[in-house]
Each structure stands twice: as structure tokens, then as C-alpha cells.
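Bear in mind these aren't lab numbers, they're just calculated from the coordinates by the rules spelled out. Predicted model only: the values in this text are computed from it and were never measured. Glycine gets a Cβ as well: all are built from the backbone with ideal geometry, and neighbour counts include every protein chain shown.
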Amino acid sequence: MSKNGCSNKAEINFLKVKKTNGQYIIQLLKEHFKKDSIIDHKYKVSYEDNFIFFPLVENKDNIEKLKKKIHSFIKYEIISRQPINKANYKYKSLQEALTGKIPENYFSIIPKSYDIIGNIAILEFEKPSQIGDYEFSEYRTLIADAVIGVNKNVQSVFEKKSEIKGDYRLREFAHLSGENKSETTHRENGCQFNLDIKKTYYTPRLIYERRRISNLQIQDNEIIVDMFAGVGPFSIQIAKVNHVKIHAFDVNPHAYNYLQENIEINKLKEEVLPYNINIRELLHPSNQIGKQLYGTVDRVIMNLPEQSIYFIDVTCFLMKKSGGILHFYQISEKPNPIEKTIKDLDKKLNDYNWVIAEIENSKIVKSYSPKAELVGIDLGIKPLNS
């Protein structure tokens, strides 16, 4: 920015009218234009001598319409000059923030959606073949800067650089803008979660699913197992609004450490019990936790959608022999992903002499890919001969 407060961008069009006509112009814009379609609100309205200068958006059709509306009423000019930025202007969209910085024919690379976890935004890009590597790198940085400009609470922007992989379900990330800090505090449904996006798995896209499960008709004093608890979003939110005992397991030591922190922060030390072990270890005859929980559990949460089906034997081991409730998540291919999920689950339960007693709810939780959906099933299960 120059010393006189002007931005370094190119000159833009201004509507120049006498000050005595300023109120008339404002009223005309309210009546005949959408508020943001003609005046560029990120720049200041200027006053010089007896004239007002209204900054105009880059829209030739609207400018021509404006000319026709005011032509026979007042004297005006459309002039070009350098704009002055509003110091506290908040962009309403990434497209608005990037206008004039990225060619409009490349706006397709701007993410249509992105995740915000705490004060961290996570972006994902697809590089068009017609854009060079250097140019694409520059645009990614500009987009990341714009994300911070549009979202007042975002302080760091990272880019996804890999799919979810490994036993800990982690991604690789690249820092794009703001603070290079991957640890954050995320708030969801009245609870607080400390986490590190590089060391733990967390998705804000299940916010409504976690709220839904928390608000089910859960009985007082239920014993619940959260098999793949991560930093505790299901366990902590359920325990926050229900009088229950939850055993929360995760194999990732970093997730376990944050789980412990989050139990403490949310004041649930007596309600949520954390464990840093592979849930399959409960099946070992010498495992004391397995011995304690065998056949005592009322409800099991299996939110490991890529692999949940392979741990059904653990669920059958833990569940009360009179039966219980299972919240099961699986990624299933289209078409008919819900039907496929139920079929897979029914077959696997039968392998361990358990059956589906009742399907309470089945839904597509969210899209996973163009070919698959994340499916959630709430169901009652029981031993075959009970």
C-alpha cells in the first residue's frame, strides 16, 4: 500500500457525481440494484472538492444499466483511478477476495468447500493441466491468504497432500499461509478438543452425526465402548449429556494423550475412561480389560469406516448376551450403499453367531468419493439363539 492509503492494484472505475446528488445515487442503487452488484464495498467512497467518487465493481452490464438509470436526471462521469482499501473490510467469499488477483478463468481452482478445525483451515486442490507449476503454486498461496482474509478465526492454512493412511489414519499436510502450527483447539457441540492435525485424525464433517448420537434415548448407567475414539469427539459429547460410563480406546498414542487432555478439559474424568491399546487385544485371554468388559457392554460405537467390519468379533465379545446397540460406520460403494452395508454387517455377525435384531436408523452420513458413501447404521444386535 502506498503512503496515501491507495492499494497497489490497478485502477478501477468510479462514478463521479456532485456531493449534492450523493443521497440520490444511494437511493437509486437501493431501488434498482442489489446492494453489492454495483458498488465495490472493499474500497472507500472518496470525497474531493464538491464531488463524490463511488468505487464500481468490474461488471460492464451493470455499469451500462447504471448509466441508463441516471443519464437523464443528473450529470455524472465514469472515471478510472486507483482505489483506497477499507482498513477493516471483511470479504464475503473467496471469489470476492481473489478478484483481480487470480484470472477469473482460473477461479475453478478455488476450493468450493474446505474444513476448519479450530483456527486451522485445510484445503484440497486439483491442478488443471493448462496451469504451470509455478503459476499454480502462486495461486495456491493467494487462495490460502484469502481464506484467512475471509475467516476471522483462521490463523493457519494447510493443504492436504495425501489420502488417509496407516493404522493411525493420518494425512500428510503442507503449510500454505499464516502460522505454521498444526496443533489447535476445536469447539463442537458445547465441548472442547485439543488436537494436532498432523498427529491425530479429526473431521469436523461429523458434527451433526455426533450431536445426533449424543441426543439419542441413551439409558442412565449404560456401559458404552467407543472402539476407535481418537481425541474423543463421540465419547466426550455423549458423556457430556448422558449419565453413562464410556470406555474409549485408541491405538494412536498421540490421540490417546489428547483424549486424556480433553477428558480433563471437559470435566469427565469419572465418565470417560481412556485406553491406549489396539481394541483387538481385548480378545486375548490374559487381557485384564477384556476380562472386565466381556459380556457387559450395552452400546458400541464403531467409527472406523474403512475397517470397522473386521472388528465385529470384538463387538460380539463385549456386548451383553441379551443384546445391545451398535453404531456402525462403513464406506460402501454406489449404488445402494446402505443395502450393501447392512448385507455386509449381517453376514459378518452371522459368522460369530450373532444377528441383527432391529435396524433403528440407516443413513448416508456424507459423501466419501464420487463412487462411495459413508454409511451409518444404528441397530440392535443379539446372539443367534437368544
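Overall dimensions of segment 205-383, expressed as equivalent-ellipsoid semi-axes from the Cα gyration tensor (√(5λ), whole Å, largest first), are 24, 20, 16. The amide H of Asp115, built 1.01 Å from its N in the peptide plane, has Ile122 as neighbours under 5 Å, considering only residues 5 or more places off or on other chains. What the pair-distance distribution of the chain shows, using all Cα-Cα distances binned every 20 Å from zero, is 23, 40, 25, 11, 1 percent.
For Phe54, Phe33, what's the fewest-to-most ordering of other Cβ within 10 Å of each Cβ?
Numbers: Phe54 21, Phe33 15.
Lowest to highest Cβ neighbour count: Phe33, Phe54.
State the Kirkwood hydrodynamic radius of segment 224-285 in Å, one decimal place, computed from all pairs of distinct Cα atoms.
Details: mean 1/r = 0.0882 Å⁻¹.
It works out to 11.3 Å.
The residues Tyr256, Tyr352, when put in order of fewest to most other Cβ atoms within 10 Å, stand as Tyr352, Tyr256.
For the chain, what is the mean residue ellipticity at 222 nm derived from helices alone (per DSSP H run of n ≥ 4: -39500 (n - 2.57); sum divided by total residues; nearest 500 deg cm²/dmol)?
Computed ellipticity for the chain at 222 nm equals -8000 deg cm²/dmol.
Of the listed pairs Lys65/Lys152; Lys92/Lys181; Lys343/Lys371; Lys92/Lys199; Lys112/Lys198, which have alpha-carbon separations greater than 27 Å here? List each step's numbers first, then the result.
Details: Lys65/Lys152 35 Å; Lys92/Lys181 25 Å; Lys343/Lys371 18 Å; Lys92/Lys199 32 Å; Lys112/Lys198 23 Å.
With Cα atoms farther than 27 Å apart: Lys65/Lys152; Lys92/Lys199.
When DSSP beta bridges are restricted to pairs lying wholly in the chain, around 70% turn out antiparallel. Computed over the chain with a Gaussian network model linking Cα atoms closer than 10 Å, the most mobile of Lys161, Lys245, Lys86 is Lys86. Between the helical axis of 22-32 and the longest alpha-carbon principal axis of the chain there is an angle of about 50 degrees.
Computed 3J(HN,Hα) for segment 185-197, one whole-Hz value per residue from the Karplus formula 6.51 cos²θ - 1.76 cosθ + 1.60 where θ = phi - 60°, is 10, 10, 10, 8, 6, x, 10, 10, 9, 8, 6, 10, 5, glycine and proline marked x.
How large is the charge dipole for the chain, taken about the Cα centre, if only the Cβ atoms of Lys, Arg (+1) and Asp, Glu (-1) carry charge, to the nearest 20 debye? Don't skip to the end; give the middle numbers.
Values: 56 positive and 49 negative charges, 319 e Å.
Dipole of the chain, to the nearest 20 debye: 1540 debye.
Note on the chain: with a GNM built from Cα contacts shorter than 10 Å, the maximum mean-square fluctuation among Val231, Val150, Val57 falls on Val57. Under a 5 Å amide H cut-off, with hydrogens placed 1.01 Å from N, Asn303 pairs with Met227, Phe228 among residues at least 5 apart or on other chains.
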